[in-house]
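So the structure is just underneath, and the comments pick up after that.
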Amino acid sequence: MGGAVSAGEDNDELIDNLKEAQYIRTELVEQAFRAIDRADYYLEEFKENAYKDLAWKHGNIHLSAPCIYSEVMEALDLQPGLSFLNLGSGTGYLSSMVGLILGPFGVNHGVELHSDVIEYAKQKLDFFIRTSDSFDKFDFCEPSFVIGNCLEISPDCSQYDRVYCGAGVQKEHEEYMKNLLKVGGILVMPLEEKLTKITRTGPSAWETKKILAVSFAPLIQPCHSESGKPRLVQLPPVAVRSLQDLARIAIRGTIKKIIHQETVSKNGNGLKNTPKFKRRRVRRRRMETIVFLDKEVFASRISNPSDDNSCEDLEEERREEEEKTLPETKPDPPVNFLRQKVLSLPLPDPLKYYLLYYREK
């Protein structure tokens, strides 16, 4: 499902399109989407489809459409320091974006049914930490993934501020999902063919909002062990940060401040230099109708007859033709100043790698 926005040529253009269609509406969500390249979570032979607004599935590996993830991220209303539980965490794409917002003092847990998908998610997480220039721009809440059926979570596990379920929830499991929430928490899940946001306003009080018509594969029902007892899923304990972790967070924060001060001093007033590359302007478009038919979402845009933008379009086309005659200048590759600074410090290599979150296998 998906297809609500135009395909992009790269991750940034996909995000531009999601913003234009009002799926991404807040700056925090936009920053998280831009920081993680969706194509990195695809198998190499399928990457040409990464920037289409479509779901992707290969074996047990699955990604929802970008417009769905956008609505989920917006509905969760994420803030630094919150606890998050992802039921059906899959590739870890959503969990990693959430972790960028939660920051170092949040909690980020995922439950996934398939062991091969957990291994895939761990590989993608490690790749992001080791190679992404975006990683060092954030204070990250690294996700932890456990294997098991999300309908068999141990009843003595902690409750969470935010919960998302990435599979269709049957009505009989609605109360089970609600009980995973703290008071004041938000649960987002597909319920009765609608992406639904449920806010726990009191010990037994709830507010429910239907967001979007969707079609998700249903949750897989638990298979009891030979003894007939459920295989209870034990979520990771909510642990206090070690002194070593706190020191790393503080050191990285100090280095970032030094880099910022150096940048301000170099540029005088701290204003950014004019970019050398201009992204192709995305025409404004707006979702006007959503048709839900036969478990699929078909999205179409209907222009408003009262909005005559023909003159503006002609002017824009003229400017685009003029720009085509100018030599295209490609953007300079991003520079990871934090990593450069850390690697230049007079420290033993293992300590440098620890500050950069590099881990030995």
Name the residue, out of PHE140, PHE145, that is buried (at least 18 other Cβ atoms within 10 Å of the Cβ) and over 25 Å from ILE220 (Cα atoms). PHE140
Filter pass, VAL183 being among the aliphatic types (A, V, I, L, M), more than 28 Å from GLN22 (Cα to Cα), in contact with a Ser or Thr (Cβ under 6 Å, 6 or more places away or on another chain) and surrounded by fewer than 14 Cβ atoms within 10 Å (Cβ to Cβ): no
Taking the stated definitions as given, is GLU207 over 20 Å from ILE68 (Cα atoms), out of contact with any Leu (no Cβ under 6 Å at 6 or more places or on another chain) and part of a loop (DSSP other than H, G, I, E, B)? no
Could you pull out the residue among GLY103, GLY168 that is in contact with a strand residue (DSSP E or B) (Cβ under 8 Å, 6 or more places away or on another chain) and either closer than 30 Å to TYR354 by Cα or of a type outside the set (Asp, Glu) (or both)? GLY168
What about HIS109, is it under 30 Å from ALA213 (Cβ atoms) and open to solvent by 30 Å² or more (accessible area, probe 1.4 Å)? no
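Is it the case, given these coordinates, that GLY166 is within 13 Å of LEU76 (Cβ to Cβ), open to solvent by less than 30 Å² (accessible area, probe 1.4 Å) and without any contact (Cβ under 8 Å) to a residue 60 or more places away in the chain?
Working: within 13 Å of LEU76 (Cβ to Cβ): yes; open to solvent by less than 30 Å² (accessible area, probe 1.4 Å): yes; without any contact (Cβ under 8 Å) to a residue 60 or more places away in the chain: no.
No.
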Selection over region 149-187 where residues are farther than 24 Å from THR91 by Cβ and touching a helix residue (DSSP H, G or I) at 6+ places or on another chain (Cβ under 9 Å) yields a count of 1
Pairs, please: C-beta under 8 Å, at least 6 apart or cross-chain, first residue touching a residue at least 60 places away in the same chain (Cβ under 8 Å) and in region 70-90, second surrounded by fewer than 21 Cβ atoms within 10 Å (Cβ to Cβ) and among the hydroxyl-bearing types (Ser, Thr, Tyr)? SER83/SER158
All-but-one check, LYS197 against (1) outside the structural domain of PRO80 (by the TED database); (2) surrounded by 16 or more Cβ atoms within 10 Å (Cβ to Cβ), failing number (1)
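Is there a residue being under 28 Å from GLY253 (Cβ atoms) and modelled with pLDDT under 90 anywhere in region 339-349? Before the answer, list the steps.
As a first pass, look at region 339-349 and keep what is under 28 Å from GLY253 (Cβ atoms): 339-349.
When the remaining residues are screened for being modelled with pLDDT under 90, the result is none.
No.
Out of SER70, SER64, SER6, report the one residue that is crowded, with 16+ Cβ neighbours inside 10 Å and touching an Asp or Glu at 6+ places or on another chain (Cβ under 8 Å).
The match here is SER6.
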If we scan region 80-100, do we find a residue that is closer than 28 Å to ARG339 by Cα, buried (at least 18 other Cβ atoms within 10 Å of the Cβ), in the same structural domain as HIS173 (by the TED database) and out of contact with any strand residue (DSSP E or B) (no Cβ under 9 Å at 6 or more places or on another chain)? yes
Could you grab the pairs with beta carbons closer than 9 Å, sequence gap of 6+ or different chains, first residue in region 230-244 and closer than 13 Å to GLY106 by Cα, second one part of a helix (DSSP H, G or I)? ARG241/ILE249
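Out of all the residues in region 156-204, which are part of a helix (DSSP H, G or I) and of a type in the set (D, E, K, R)? Walk me through it before giving the result.
Taking region 156-204 and keeping what is part of a helix (DSSP H, G or I), we get 171-178.
The answer is LYS171, GLU172, GLU174, GLU175, LYS178.
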Boolean, PRO333 is open to solvent by 90 Å² or more (accessible area, probe 1.4 Å), within 25 Å of the chain's Cα centre (by Cα) and at pLDDT below 90: yes
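The values are calculated or read from the model by the stated rules, or taken from the named source; none is laboratory data. Just so it is clear, the structure is predicted and the values come from calculations on it, not from any experiment. Every residue, glycine among them, receives a Cβ derived from its backbone with ideal geometry; neighbour counts consider all protein chains shown. Areas reflect the complete protein model, heavy atoms only, side chains present, ligands, DNA and RNA absent. Shrake-Rupley method; radii C 1.70, N 1.55, O 1.52, S 1.80 Å.
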